[in-house]
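**Q** Would you mind keeping the following structure in view while I ask a few things?
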Amino acid sequence: MGDWSKDVGDHSYFLNFEKMAYVKGKHPSGCILCMVRDKSPDVVDLSIWRDELFIVSVNLYPYNPGHLLVYPLRHVEDVRELTAQEEGRLTALQRSLLDLIDRACSPHAYNIGFNMGPAAGASINHLHLHIIPRYPRETGIADLIAGKRVLVEDPRETTRRLREMISQSPLSIANS
Ligand SMILES: [Zn+2]
């Protein structure tokens, strides 16, 4: 059991957090991340930052508090579609966001990555980078599936807290 849960935790943890039910009520036909971008009243907006290239949002169903999604405003579905400018901005943004989450949540480690395509666990085609803070002795994926995992912070509270931190100390993307 121990080995199994470790294996599953290591390989499919993103999968379980792709649901991202940002949608209020009836499921719309459009892309959820494009709807957040377009400030649709039909989706929950947990974005904490945006510029002309990217949006950063708290995941509505975070693996851990501070689980962020970073996605381009442009609806692209493959990392190879990112322009050089977008790649540069994403790198700078990732650096700033890791500093922010270090300060906000004091994690011990991170998982950072993309799920590209449904077979990889992506349920939203719009390309998005997961930044997931990790802690020692956190409950494993098996506990989560069994419903034993408890989130210690409502994602709306995380959103409020991170927005406030950013308003006091803006993210630096100076080198992009
Ligand atoms: Zn989209």
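**Q** Taking Arg37, is it within 24 Å of Pro107 (Cα to Cα) and open to solvent by 40 Å² or more (accessible area, probe 1.4 Å)?
**A** In short, no.
Residue-wise test of (1) among the basic types (Lys, Arg); (2) surrounded by fewer than 17 Cβ atoms within 10 Å (Cβ to Cβ).
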position: Ile55; (1), (2): no, no
position: Tyr61; (1), (2): no, yes
position: Leu68; (1), (2): no, no
position: Tyr71; (1), (2): no, no
position: His75; (1), (2): no, yes
position: Val79; (1), (2): no, yes
position: Leu82; (1), (2): no, no
position: Arg89; (1), (2): yes, no
position: Ser96; (1), (2): no, no
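**Q** Same structure, new question: State whether one or more residues within segment 50-63 are modelled with pLDDT under 90, closer than 18 Å to Glu157 by Cα and within 15 Å of the ligand (Cβ to nearest atom).
**A** no
**Q** Turning to a different aspect of this structure: Confirm whether Leu129 is open to solvent by less than 10 Å² (accessible area, probe 1.4 Å), under 15 Å from the mean Cα position of the chain (by Cα) and touching a residue at least 12 places away in the same chain (Cβ under 8 Å).
**A** Here the answer is yes, as Leu129 does meet what is asked.
The values are calculated or read from the model by the stated rules, or taken from the named source; none is laboratory data. Predicted model, so just to flag it, every value in this text is computed and none were measured. Note that each Cβ is placed from the backbone with ideal geometry, even for glycine, and that neighbours are counted across all protein chains shown. Note: areas computed on protein heavy atoms with side chains; ligands, DNA, RNA excluded. Shrake-Rupley method; radii C 1.70, N 1.55, O 1.52, S 1.80 Å.
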